[in-house]
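The values are calculated or read from the model by the stated rules, or taken from the named source; none is laboratory data. These numbers come from a predicted model, not from an experiment. All Cβ positions, even for glycine, are placed from backbone atoms using ideal geometry, and neighbour counts span all protein chains on display.
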Amino acid sequence: MRKVSIITLVTVFFALTIVVINIALILEYKRQVSDLQLFAFQRFVMGMKMMRDMPEDLDEQLSKLGIRVSEKEMKLLQREGEKLFEDPFADVVLYEKKLYFVPRSPPSFPPNALKNMPPPPHFRGPPPILEDKGEFSAGRVWILSAVVNVLLILFFVIVLRKLLGLRKLKSAIRAFGNEREFKPIVLESADELGEIAMEFNQAMEKIHHLKEARTLFLRNILHELKTPIMKGRILSQSLENPKKKEPLERVFTRLESLLGEMVKVEKLTSNEWVVDKKEYRLVDVLDHARDLLMSDTSRLKVNANIEAPIVCVDFELFATALKNLLDNALKYSVGEVEVSIDDKQIGVCSVGEKLHQERLDFSKAFNRETEGAPNGLGLGLYIANAIITKHGFALKYLHVKGQNCFVIVI
């Protein structure tokens, strides 16, 4: 689904709202103008009828209709005025924001057509020009339009400021994720955004304290375990019997390796491991993984379908992942361990029973219902999967023809 910014969405919505409202106001303005012009025309017609009857209080009667006899010249109005309405006997003309009813010579009609038409008005002298007493102006409509637009723009600015505060909060949260030290988010806002920032600061402070406690605990554990391991290795060097010396050295070397695995687990789970990718030949990475193994590698058989494929990986990190896969294959099988290489995947296959479903979740460490020496703790596959995932690859498991195959899809 395409990502749409809230700010963009709100901006487009407000722009469309302003456009629609202004179009509606323009249409309403035109409708009202048309109605006013028609109403003025009707008043002019009524005034002409009154003038035909010539009552004594003619001026008063015309004033009630909002019109009066104009002193403007007919030629001026006909030349410079804007004609709005017309009938056979007069025109409604707009001139200097006022409406005028300007009589004109009646058209000539056939004799039979005059039977159903009202007789034209008769006046003594030239027909008078009627003038609307009020000015014809759309100022109220424009004032209303300006007020509506100002209110909408003001509301949009207020909403936009709040949304920009939300973007600032997002940037502060993102920056906090990249900082190693806890720095409270400062957001001067007395609304819900300020409350969110305050709650976030409290939650992140608790997480920061837990992280510090975990780091301190792990360092103490590693320090306390490394000391007896170092003493044990020194004591094993003093033994003269090779049969006792070599097994003890392997035990302490294995313990030291486990401590290193624990450090990697801690860095992977805390997302503190920075992957330094460069291009290497896959065979070189595989050779380094074999060097990291502390067991007999004579059972490893490498089948390369192409010559020296190039991979973009963190050399030490990816070699550790391969080492863990090879170590599991050598440890839990008795036959040859086949390593197949091509430009799309790396496969490590060994003879063995199909793994239980509970052991196929490589995203979790210690994912066994029962732990024991034959089964292991699940750290090897967990670390390998975490490293492979960090490189953008995928670890898949297949059981084919009595073989357990772990495939890294590049």
Among the residues listed as 258, 222, 248, the single one being surrounded by fewer than 15 Cβ atoms within 10 Å (Cβ to Cβ) and of a type outside the set (Phe, Trp, Tyr): 258
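This table checks each residue for (1) part of a helix (DSSP H, G or I); (2) aliphatic (A, V, I, L, M); (3) touching a strand residue (DSSP E or B) at 6+ places or on another chain (Cβ under 8 Å); (4) within 30 Å of residue 392 (Cβ to Cβ).
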position	(1), (2), (3), (4)
210	yes, yes, no, yes
221	yes, yes, no, no
234	yes, yes, no, no
252	yes, no, no, no
Tally up the residues in the stretch 245-264 that are in contact with a Ser or Thr (Cβ under 8 Å, 6 or more places away or on another chain) and of a type in the set (A, V, I, L, M, F, W, C), please. 2
Picking from 233, 281, 254, 299, which residue would you name as being of a type in the set (D, E, K, R), more than 43 Å from the chain's Cα centre (by Cα), closer than 29 Å to residue 329 by Cα and modelled with pLDDT of 80 or more? 299
Can you spot a residue in the stretch 21-37 that is among the aromatic types (Phe, Trp, Tyr) and in contact with a strand residue (DSSP E or B) (Cβ under 9 Å, 6 or more places away or on another chain)? no
Note on the stretch 11-37: residues surrounded by 13 or more Cβ atoms within 10 Å (Cβ to Cβ) and not hydroxyl-bearing (Ser, Thr, Tyr) are 14, 18, 21, 22, 25, 28, 32, 33, 36, 37
Regarding the stretch 171-179, can at least one residue be identified that is modelled with pLDDT of 70 or more and touching a Leu at 6+ places or on another chain (Cβ under 9 Å)? yes
Inspect all residues belonging to the stretch 292-310 and state whether any of them is in contact with a helix residue (DSSP H, G or I) (Cβ under 9 Å, 6 or more places away or on another chain), part of a helix (DSSP H, G or I) and either surrounded by 13 or more Cβ atoms within 10 Å (Cβ to Cβ) or on the phi < 0 side of the Ramachandran plot (or both). yes
Of the residues that make up the stretch 55-71, is at least one under 30 Å from residue 153 (Cβ atoms) and either under 58 Å from the mean Cα position of the chain (by Cα) or part of a helix (DSSP H, G or I) (or both)? no
Restricting the stretch 389-408 to residues that are modelled with pLDDT under 90 and within 22 Å of residue 278 (Cβ to Cβ), the one surrounded by the fewest Cβ atoms within 10 Å (Cβ to Cβ) turns out to be 392
